[in-house]
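What follows is a short report on a single structure.
The values are calculated or read from the model by the stated rules, or taken from the named source; none is laboratory data. From a predicted model like this one, the values you see are computed outputs, not experimental measurements. Here the Cβ positions follow ideal geometry from the backbone for every residue, glycine too, while neighbour counts run over all protein chains shown.
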């Protein structure tokens, strides 16, 4: 059974007009294709020239996604000549959250605002050369969130930024709309194209972690310690009608598929619908519930479940959850998938003892560790802190496939602090150790 979890946004970063995040990825220039996408939630406090993301070696060779006098713009400049200069005709108002995506599909630039493609046009008097794309800056570029290289034209961001995502492919409008209101996970169709993903949910410290799995972590300000260039952490007020803390599928004792979801909060929500398909494409799905599942609209969160009895063994099923607010607006979560096993049949035993990668990793507040133990063998699973001390001990496991959910607690039920932890699987034939990171 495969389950995926959706976590709500908790924190963001506030920039006061002198701050930035340094993600100088000299060893791994992010956008090396002719196609790419840059995505962010933005909250603007001041006009003039305000940069969301800047890339470049100097003022003669750089890329900038910015807002000038409320107009979203982006351009590429090489050898002192602006090659691309596109902008929206509409204006972003101060004091409002908006979702922005800059897309280069190899044909023409596009700008999406709140999931809608805006009319984009070339700035007056600036040439366009179709041969120039994101990757024309060359290697060895510096990357900044909230600034351009050398603070060109006093361009620091003023306001809040959240959920920065950089892709090496053109994200289409359907996926922009489906995923803009929730954090990413591995079920996203373009997950393998994700190059950098900064959720800004750490809440403290000098590091913003890259959740794409590529290790492109960022640093607040110009140094590893507090300085004047550091943005500040804050609780995000990004307005989401519903915030999910979990969305899972399990096999019941009666061999049905039970869909469970837990909300952190609900605001002006009408209810939910559950969709199912035997394909991972939502367009092939159909709604299971005949009447909407009413929402409780509590600020402290609620638990919901729906049982699908029309399922068969050994068939993969994909499920989506649709939330509907009082205004008729909808949002989809998923898919999650499940394959029901016939518990009356003898399960096939694994032919090796194997420890798999914990997911999610980094994590907060919990992660899942999957492993297998081969026939005629037992294994022990332990979790250690960075000092090599045992934090959590699990009982001996017999042969078969196993899944452990660690809630970040020690053997005495106490929550452990954030940091690096190691999990070790030991059997007669192998000792395997992997690393995971708990963020708080």
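Cβ-Cβ below 6 Å, separation at least six or inter-chain, first residue in the stretch 48-70 and closer than 16 Å to residue 23 by Cα and in the same structural domain as residue 166 (by TED's automatic domain parsing), second in a loop (DSSP other than H, G, I, E, B) and modelled with pLDDT of 80 or more: which pairs?
51/147; 51/155; 51/157; 54/147
How many residues are modelled with pLDDT of 85 or more and under 31 Å from the mean Cα position of the chain (by Cα) if we restrict to the stretch 369-401?
Final tally of qualifying residues: 13.
For the stretch 392-417, what are the residues that are touching a strand residue (DSSP E or B) at 6+ places or on another chain (Cβ under 7 Å) and touching a residue at least 24 places away in the same chain (Cβ under 8 Å)?
Keep residues of the stretch 392-417 that are touching a strand residue (DSSP E or B) at 6+ places or on another chain (Cβ under 7 Å), which gives 392-394, 396-406, 408-411, 415-416.
Within the stretch 392-417, 397, 398, 399, 400, 401, 402, 403, 404, 405, 406, 408, 416 qualify.
What residue, among those in the stretch 283-300 that are in contact with a strand residue (DSSP E or B) (Cβ under 7 Å, 6 or more places away or on another chain), modelled with pLDDT of 90 or more and loosely packed, with under 12 Cβ neighbours inside 10 Å, is farthest from residue 323 (Cα to Cα)?
Going through the qualifying residues, I end up with 286.
Looking at this structure, is residue 309 farther than 21 Å from residue 257 by Cβ and modelled with pLDDT of 80 or more?
Details: farther than 21 Å from residue 257 by Cβ: no; modelled with pLDDT of 80 or more: yes.
It is false that residue 309 is farther than 21 Å from residue 257 by Cβ and modelled with pLDDT of 80 or more.
Cβ contacts < 8 Å: first residue touching a residue at least 60 places away in the same chain (Cβ under 8 Å), restricted to the stretch 216-230; second residue surrounded by fewer than 17 Cβ atoms within 10 Å (Cβ to Cβ) and in a strand (DSSP E or B), any location; separation 6+ or different chain. Result?
Taking only residues 6 or more apart or on different chains, the pairs are 217/207; 218/207; 219/207; 220/207.
Just need a number here: residues in the stretch 162-184 that are in contact with a strand residue (DSSP E or B) (Cβ under 8 Å, 6 or more places away or on another chain) and either in a helix (DSSP H, G or I) or under 20 Å from residue 214 (Cβ atoms) (or both).
Count: 15.
Find the residue count for the stretch 21-37, including only residues that are buried (at least 19 other Cβ atoms within 10 Å of the Cβ) and either over 17 Å from residue 208 (Cβ atoms) or modelled with pLDDT of 90 or more (or both).
Of the residues in that region, 5 qualify.
Within the stretch 192-201, identify whether any single residue is buried (at least 22 other Cβ atoms within 10 Å of the Cβ), in the same structural domain as residue 142 (by TED's automatic domain parsing) and farther than 19 Å from residue 144 by Cβ, and answer yes or no.
Yes, the stretch 192-201 has at least one match.
Does residue 141 fit the bill of being surrounded by 20 or more Cβ atoms within 10 Å (Cβ to Cβ) and at pLDDT below 85?
Answer is yes for this residue.
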